[in-house]
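Any read-out appearing in this document is the output of simple, stated calculations on the displayed coordinates, not a laboratory observation. All of these numbers come straight from a predicted model, not from anything done at the bench. Here the Cβ positions follow ideal geometry from the backbone for every residue, glycine too, while neighbour counts run over all protein chains shown.
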Ligand SMILES: Cc1cc2nc3c(=O)[nH]c(=O)nc-3n(C[C@H](O)[C@H](O)[C@H](O)COP(=O)(O)OP(=O)(O)OC[C@H]3O[C@@H](n4cnc5c(N)ncnc54)[C@H](O)[C@@H]3O)c2cc1C
């Protein structure tokens, strides 16, 4: 058969012939796009894919990420029948072993999450683990976990099968063809230049693996990833090792092990990784390997010898050192680039590209064809990053830490340490001097809590109450009883200005934002399915000027969503995040405190809830917005950055005798959950609509058309399939929930906890989570059923309710 002619105009160009590019091409053809071209600079699989170990572990931290792998698994099983190309699929299951009691607790939490996510998983005895994996040493183990559906594949064969399937669907694949330029016009990709000529395209898709950063840079697009060396060895045949042996993972020893041709393939994720290619990836790195590095591998080898004494005498046939790309948060990168329309990315797979490849390829293909993803992909959405993430030094230092996260204990509140401090509020030094313990979000250093001394400003990680518990209790109490000051500077802030600002925002927002100047409105931004793209506060500062305040993590995503939907409206969006510090003054004595520093009237009449006004605070003029996220009287002060220090000092000085003190984000989390306030990314995502989320009050169907209105009209009045509930376990000594726990109703799994904390006012766990309703109306009778949350295998009885566990009048949900 003659090779296909090189085209000059196609619908979609896929860059990269690894597992991801081939999967995207395959799924585009399945969705009816036949005019697809895949370009590979070398030969298919020659980047990272060819040397992957081929483990397909199904359970992920986020439900939708698990769904992607579950889909990969179902696809890889049937690809051979469809294409005639074998994939090496073998469902061998996997055994995870724990060396410590803390890891056993994690396994119990994993087993609970697996039930919530529909993945087969069970805690097994050490004896059972030994039966499943006879060559393993077990006398030092504390526990084990069994995932029967986990599997292994041959990565190169899977990729060839996807490529064959793509060709069968009409796609054309050109090897030895390098993309050298991304053509753009009016902020959109229009095609590529290659070593064989130009191709015009409606859509360009960057699936270039570790090269994706430099391909991104060709288009001015941030694809923050960095290569790191990743190593394994393969032994000769070992007695007792056979193809049906499960995959073995010993995360406390950082290692994984899989059968390979009668021997063992052993690799792992060492705690301090070795970044590679600081000066860029060498030319022609086709089927490339890096030199053996036994020093770097030593920690894995030592641990493998503990677990598998048979390795002592085994012949080492191969030392494989191949680079893989890692991202700043160990999640991959997908979606349409916010900087360039029609330019999509799927890259940075952090060593799970084979397992995720099928699902990720389908999800991106859907995103391309339908214009949006069909499920919430926020954990991997390219818009969780910003321009600063593209910094090479930042990336190099961060990936040194990230690779090890695979097997590191995923402690609650775990903070990454590398490449910090990065973005600092004007109050940073003041707060640090008062023993703030900072956490990092979107690069911002944010105070989590304030400790009594420098040495106490740390987190002692554990599953139970951590060392900071009493400090946060005091901050929480001070907010409920007196007044606290919190640095919320990291909020993303946008100005939307222009003649059509009001009509543009009315089209974007589900609530009515055509309010008089000086008012704020809480609203969702919905997509056509009527589910959440964002939730934020819109403040009207002038007839044609609005300030939008949104979550720290959403800055890029919201700017992208809003910018895209301004359409032909004469309105401009400007990111003013760095221009303003935000200082929240919250608690019943907040008015008294502010009154000492301003002549502006602050009473309910002159300064009602939801109002926003310019007021003087000391020498500074600030925007004061009467809203809080904690369910108390309070104001958020939007302070031009250069005045922030002075305003903060004035507040602390004037509030000393009122009990004013600092509070951090952990206190805010506990306070907001008592009040039942929802958070973007957890309770509010593209998987949920306002009726399911219990936020119908923030929707105005009568104001005229807006994005998502038709879907809401269709959903209105029908009992939602799942409903967000507040849960309370009002006993102080229950185990601590952290989110992700299984929710049971009358003993049956109905959902997963989305957020949880200890509520210091109600004196127990407070949580939010969606429960499947089975079409029932959620009324008192339905809620009176027996609700439990499975916390690491312990079923904790909880009260479930539609109302917040705490309201300012002091009423508490009864347990
Ligand atoms: C040692 C090791 C073990 C691993 N084990 C596992 C495992 O057990 N399970 C698992 O799920 N994952 C595993 N992985 C990870 C997995 O291999 C990767 O996540 C996956 O292969 C990434 O696929 P990709 O398509 O994104 O990248 P690649 O396979 O690197 O494909 C990208 C392609 O783009 C091409 N390209 C780049 N620039 C251009 C250009 N300008 N023009 C045209 N083409 C270009 C490259 O040549 C390359 O072929 C492992 C990785 C390593 C290193």
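Suppose each label sits 7 Å from its Cα in the direction of the beta carbon; what would the residue 6-residue 242 distance come out to in nanometres?
With each label point 7 Å from Cα toward Cβ, the separation is 5.3 nm.
Determine the percent antiparallel among the DSSP beta bridges restricted to segment 602-756, to the nearest 5.
Here the share of antiparallel DSSP bridges comes out near 95 percent.
Once you order the gyration tensor axes a ≥ b ≥ c over the Cα atoms, which shape class does segment 276-424 get: rounded for a/c under 1.5, otherwise prolate or oblate by comparing a/b with b/c?
prolate
What percent do you get for the relative contact order of segment 171-289 when only Cα pairs under 8 Å and 6+ apart count?
Dividing the mean separation by the residue count of segment 171-289 yields 16 percent.
At a 10 angstrom cut-off on C-beta neighbours, averaged per residue, how do the peptides 594-602, 737-745 rank from highest to lowest?
Packing order, densest peptide first, comes out as 737-745, 594-602.
I'd like the antiparallel share, as a percent to the nearest 5, of DSSP beta bridges with both residues in the chain.
Bridges in the chain are about 85 percent antiparallel.
What's the exposure ranking of 306, 789, going from fewest to most Cβ atoms within 10 Å?
306, 789
Could you tell me the center-to-center distance, by alpha carbons, between segment 116-157 and segment 614-665 in angstrom?
Using only Cα atoms to place each centre, the spacing works out to 54 Å.
Would you work out if segment 29-70 is rounded, prolate or oblate? Take a ≥ b ≥ c from the square roots of the eigenvalues of the alpha-carbon gyration tensor; rounded if a/c is under 1.5, else prolate when a/b is larger than b/c, oblate otherwise.
The shape class here is oblate.
Helix 644-655: angle to the longest alpha-carbon principal axis of the chain, degrees 0 to 90, nearest 10?
The answer is roughly 50 degrees.
Taking Cα pairs under 8 Å and at least six residues apart, what relative contact order does segment 1-140 come out at, in percent?
Rounded, it is 15 percent for segment 1-140.
What nm value, rounded to one decimal, do you get for the distance between residue 544 and residue 295 when each label is placed 7 Å out toward the C-beta?
Calculated label separation equals 6.5 nm.
Could you list 320, 278, 586 so that the one with the fewest beta carbons within 10 Å of its beta carbon is first and the one with the most is last?
With the sparsest Cβ surroundings first, the list reads 278, 320, 586.
How do 503, 125 rank when sorted from fewest to most other Cβ atoms within 10 Å of their own Cβ?
Listed from fewest to most nearby Cβ atoms, that is 125, 503.
Relative to the first principal axis of the alpha-carbon coordinates of the chain, what is the inclination of helix 469-481, with its axis defined by its Cα atoms, in degrees from 0 to 90 and to the nearest 10?
The two axes meet at around 30 degrees.
Where in segment 611-635 does the amide nitrogen come within less than 12 Å of the point 7 Å from the Cα of residue 600, taken along Cα to Cβ?
611-618, 620-627, 635
Helix 63-83: angle to the longest alpha-carbon principal axis of the chain, degrees 0 to 90, nearest 10?
Between helix and principal axis, roughly 30 degrees.
For the chain, what relative contact order do you get, as a whole percent, if you take Cα pairs closer than 8 Å and at least 6 residues apart?
It comes to 11 percent, rounded to a whole number.
Find the centroid of the Cα atoms in segment 224-242 and in segment 317-377, then give the distance between the two in whole Å.
Cα centres, segment 224-242 to segment 317-377: 23 Å.
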